[in-house]
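Only one structure is covered here, and it is reproduced in the block below.
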Amino acid sequence: MQKILAGKVALVTGGSRGLGAATAKALAEQGAVVAISYVFAEEQAQNVIEYVTAQGVLGEAFQADQADVHAAQSLVDRVIGRFGRIDILINNASIDQLGRVDDPTRDAAAFERFWAVTLSGFMATVRAVSKVLSDHGRIVMIGSNLGNRPGMSGIADLAAMRAAIDGYSRGVARDLAERNITVNVVHAGFMKTDLNAHLRDALAPLVERLCFPRYGRLEEVVAPILFLASPAASYITGTIIDADGGYNI
């Protein structure tokens with residue numbers, strides 16, 4: 001059976017753990033060559049690449065810190081140098097940080113890093129990739145409905161970042177439409193990963209209010225990402241798919 005992404009080259013930022021790792025593996029299963037970026041989790045990144053190459057495709061992990069806006073161009077240059085092109089970008093790298101705006105104990109440096117990774121670095125990656133992305137390419141941004149409905153205190157900063165990603169993605173969709181590049185967002189719901197273990201108690205009230213009051217499985221969020229990265233989504237751009245158990249209802 002023909003794999004839907006055979007011959008494509010995909011870049012997954014934040015691809016060493018959690019949703020990024022699951023997405024990288026799914027892309028490889030469908031025939032894509034996969035590059036992933038990571039910051040600190042080198043061992044986990046190499047484990048992902050071992051899985052990728054076991055599917056009979058090429059793969060490589062690249063260290064890149066999205067908090068540094070200059071790292072995005074370096075990452076893209078290295079991926080192009082290794083694989084020759086990029087057809088798919090899954091822009092997933094992010095960090096979560098909770099805290100009330102009036103909390104005097106919040107660390108300013110931590111906030112600056114949060115801002116850099118979640119928004120300015122996120123956008124820098126799109127700018128760098130868009131210059132070399134193949135015509136008819138795919139960009140899938142990983143966002144969250146917290147931007148539309150914070151749902152609890154302590155999420156104001158995160159909500160602002162997520163809302164910005166939605167608006168930015170629609171603007172990018174317009175910019176790249178003449179090259180037949182699609183740009184879409186998947187609002188990822190609450191999933192149990194090692195990345196959010198420290199937030200479980202805080203998020204529990206939000207999970208309980210979902211239409212499906214449970215944590216989502218990674219494959220339930222990967223599925224729409226894979227669809228939007230595929231040829232089947234050629235007439236879909238500037239849209240948002242909520243894979244979050246009905247958080248916004």
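Where a number appears in this text, it was derived from the coordinates with a stated rule and is not lab data. All values reported here derive from a predicted model rather than from experimental measurement. Methodologically, a virtual Cβ is constructed for each residue, glycine included, from the backbone with ideal geometry; neighbour enumeration extends over all protein chains shown.
With contacts defined as alpha carbon pairs under 8 Å and 6 or more residues apart, what's the relative contact order of the chain in percent? Walk me through the numbers before you get to the answer.
Numbers: 489 pairs, mean separation 46.1, N = 249.
It comes to 18 percent, rounded to a whole number.
Tell me the mean residue ellipticity at 222 nm calculated for the chain from its helices only (DSSP H runs of n ≥ 4, each -39500 (n - 2.57), averaged over every residue, nearest 500).
-12500 deg cm²/dmol
Among GLY56, GLY238, GLY137, which one shows the biggest mean-square fluctuation in a GNM of the chain, springs joining Cα atoms closer than 10 Å?
Of GLY56, GLY238, GLY137, the Gaussian network model singles out GLY56 as fluctuating most.
Express the C-alpha Rg of region 9-243 as a ratio against the empirical globular expectation 2.2 N^0.38 Å, rounded to two decimals.
Working: Rg = 16.9 Å, N = 235, 2.2 N^0.38 = 17.5 Å.
The value comes to 0.96.
Starting from the Cα-Cα distance between ASP135 and ALA164, subtract it from 0.36 nm times their residue separation and give me the gain in nm to one decimal. Before the final figure, lay out each step's value.
Numbers: separation 29, 0.36 × 29 = 10.44 nm, distance 2.54 nm.
Gain on stretching ASP135 to ALA164: 7.9 nm.
Once the Cβ-Cβ distance between ARG78 and GLN2 is put in as r, and R0 is 22 Å, what FRET efficiency do you end up with, to the nearest 0.05?
Values: r = 30 Å, r/R0 = 1.35.
My answer for the efficiency is 0.15.
Taking 0.36 nm per residue of sequence separation and subtracting the Cα-Cα distance, how much length would be gained by fully extending the chain between ASP201 and ARG179, in nm to one decimal? Can you show the working numbers first?
On the way: separation 22, 0.36 × 22 = 7.92 nm, distance 4.47 nm.
In short, 3.4 nm is gained.
Can you tell me, using C-alpha contacts under 8 Å and at least 6 residues apart, the relative contact order of region 1-135 as a whole percent?
Values: 242 pairs, mean separation 34.5, N = 135.
Reported relative contact order: 26 percent.
At a Förster radius of 22 Å, what calculated FRET efficiency corresponds to the Cβ-Cβ distance of GLU43 and ASP68, to the nearest 0.05?
On the way: r = 22 Å, r/R0 = 1.00.
My answer for the efficiency is 0.50.
What angle do you read, to the nearest 10 degrees and between 0 and 90, between the alpha-carbon axis of helix 18-29 and the longest principal axis of the chain?
20
Subtract the Cα-Cα distance of PHE212 and ALA54 from 0.36 nm times their separation in residues, and report this length gain in nm to one decimal. Could you put the intermediate results ahead of the total?
On the way: separation 158, 0.36 × 158 = 56.88 nm, distance 3.47 nm.
Using 0.36 nm per residue and subtracting the Cα-Cα distance, I get 53.4 nm.
Top mean-square fluctuation among PRO224, PRO213, PRO104, Gaussian network model of the chain, C-alpha springs under 10 Å?
It is PRO104.
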